[in-house]
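K.L.:
Attaching a single structure in structure tokens format; questions to follow.
The values are calculated or read from the model by the stated rules, or taken from the named source; none is laboratory data. Small disclaimer: the values here were computed from a predicted structure and weren't measured. Here the Cβ positions follow ideal geometry from the backbone for every residue, glycine too, while neighbour counts run over all protein chains shown.
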Amino acid sequence: MRSFPSTDLKQTLGDVLDAATHEPIAITKHSKPRYVLMSIREYEQRFQRDERRAYAIEDAPDEHLAMLEASLAERTKDDAQ
């Protein structure tokens with residue numbers, strides 16, 4: 001993975017964006033990798049399989065509510081002891 005110092009971004013932005021079109025790019029600060037820049041296409045390909053979801057309580061599936069209630073009941077029981 002290529003890297004670019006954050007202090008050089010202003011002067012080399014075109015080069016950085018061009019490089020990120022082809023592969024993820026590390027942005028460094030004090031010679032340590034701090035950020036990654038990649039094309040949206042690559043990002044979507046890498047993270048499209050993330051099936052985690054957030055639900056409002058009224059929209060949560062019944063099995064999730066059951067797990068939450070069981071966990072809260074167990075915590076309440078442990079706190080009472």
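K.L.:
Go through the range 17-33 and report how many residues are within 14 Å of ARG2 (Cβ to Cβ), free of Cβ contacts under 8 Å to residues at least 24 places away in the same chain and not in a loop (DSSP other than H, G, I, E, B).
P.N.:
6
K.L.:
Any idea which residue in the range 34-69 is modelled with the highest pLDDT, counting only those that are hydrophobic (A, V, I, L, M, F, W, C) and in a loop (DSSP other than H, G, I, E, B)?
P.N.:
My answer is MET38.
K.L.:
Applying the selection to the range 37-65, what residues are loosely packed, with under 10 Cβ neighbours inside 10 Å and either in contact (Cβ under 8 Å) with a residue 12 or more places away in the chain or touching a Leu at 6+ places or on another chain (Cβ under 9 Å) (or both)?
P.N.:
Within the range 37-65, ILE57 is the sole residue that qualifies.
K.L.:
Just give me the residues in the range 1-33 being modelled with pLDDT under 85 and of a type in the set (Val, Ile, Thr), in sequence order.
P.N.:
Listed by number, the list holds a single entry, THR7.
K.L.:
Can I ask one more? Looking at LEU9, LEU72 in this structure, which one is in a helix (DSSP H, G or I), hydrophobic (A, V, I, L, M, F, W, C) and either under 23 Å from the mean Cα position of the chain (by Cα) or surrounded by fewer than 10 Cβ atoms within 10 Å (Cβ to Cβ) (or both)?
P.N.:
Residue meeting the stated conditions: LEU9.
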